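The values are calculated or read from the model by the stated rules, or taken from the named source; none is laboratory data. All of these numbers come straight from a predicted model, not from anything done at the bench. Here the Cβ positions follow ideal geometry from the backbone for every residue, glycine too, while neighbour counts run over all protein chains shown.
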Amino acid sequence: MKLGRIGSLTTWICVLAISVVAGGCSSFEGEWRRSGHTSFSPNTIAGPWEGTWRSEVTDHSDQLRCLITPRTNNACSARFHAKYKRLLRFSFGYTVPLAVYAKEEGFQFEGEADLGWYAGGTYRYMGFATPTNFFSTYQSKYDHGTFQMSRPRRSE
């Protein structure tokens, strides 16, 4: 059976999308494993985090992991890796630049990232973290909810 030009294009787009997502996931997994051997400084939110995300619109919830890397001045890069299960279980990863401000009790942060039209567009994040606990709200045009994470147990 001949797919024709549209069918071929659709097939290539699907293959490319799966390759990009799978490649990003394996890269995250490698970095996640390596991060298990680092200690956590009480003076920063950098390092690994794990917990859950919850949509207040759909009431969906699942696993969430994050690797935060310090950048210049008050900037950090938060690389999130979320699980999602509806009919099929899949993962989604993306990076959010965060502006981080030290407070007496911990760190306040905010940032935004455009995840593309297929993921809901631009998401905005605001939250607070201590050296051991991370809480954030997120909001986009079609969804809003929370992230709650803590430091993972250290690998031996």
Residue by residue through the range 46-89, note down the ones that are free of Cβ contacts under 8 Å to residues at least 12 places away in the same chain and either in contact with a strand residue (DSSP E or B) (Cβ under 7 Å, 6 or more places away or on another chain) or farther than 18 Å from Tyr118 by Cβ (or both).
Asp59, Ser61, Thr72, Asn73, Arg89
When the residues of the range 81-93 are filtered to those that are of a type outside the set (Gly, Ala, Ser) and in contact with a helix residue (DSSP H, G or I) (Cβ under 9 Å, 6 or more places away or on another chain), which remaining residue is modelled with the highest pLDDT?
His81
Read through the list (1) touching a Pro at 6+ places or on another chain (Cβ under 9 Å); (2) modelled with pLDDT of 95 or more, then give the number of the only condition that Gly106 fails.
(2)
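Mind counting the residues in the range 58-69 that are assigned to a loop (DSSP other than H, G, I, E, B) and closer than 16 Å to Ser136 by Cβ?
Residues meeting the conditions: 0.
Out of the range 70-93, which residues are part of a loop (DSSP other than H, G, I, E, B) and either crowded, with 16+ Cβ neighbours inside 10 Å or basic (Lys, Arg) (or both)?
Arg71, Arg86 - these are the residues of the range 70-93 that are part of a loop (DSSP other than H, G, I, E, B) and either crowded, with 16+ Cβ neighbours inside 10 Å or basic (Lys, Arg) (or both).
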Pick from Met149, Met126: which is over 22 Å from Ser27 (Cβ atoms), modelled with pLDDT of 95 or more, hydrophobic (A, V, I, L, M, F, W, C) and touching an Asp or Glu at 6+ places or on another chain (Cβ under 7 Å)?
Met126
Does at least one position in the range 43-54 carry a residue that is assigned to a strand (DSSP E or B), in contact with a Cys (Cβ under 9 Å, 6 or more places away or on another chain) and more than 21 Å from Glu31 (Cβ to Cβ)?
no
Please state which one of Leu98, Leu67 is among the hydrophobic types (A, V, I, L, M, F, W, C), over 15 Å from Tyr125 (Cα atoms) and surrounded by 16 or more Cβ atoms within 10 Å (Cβ to Cβ).
Leu67
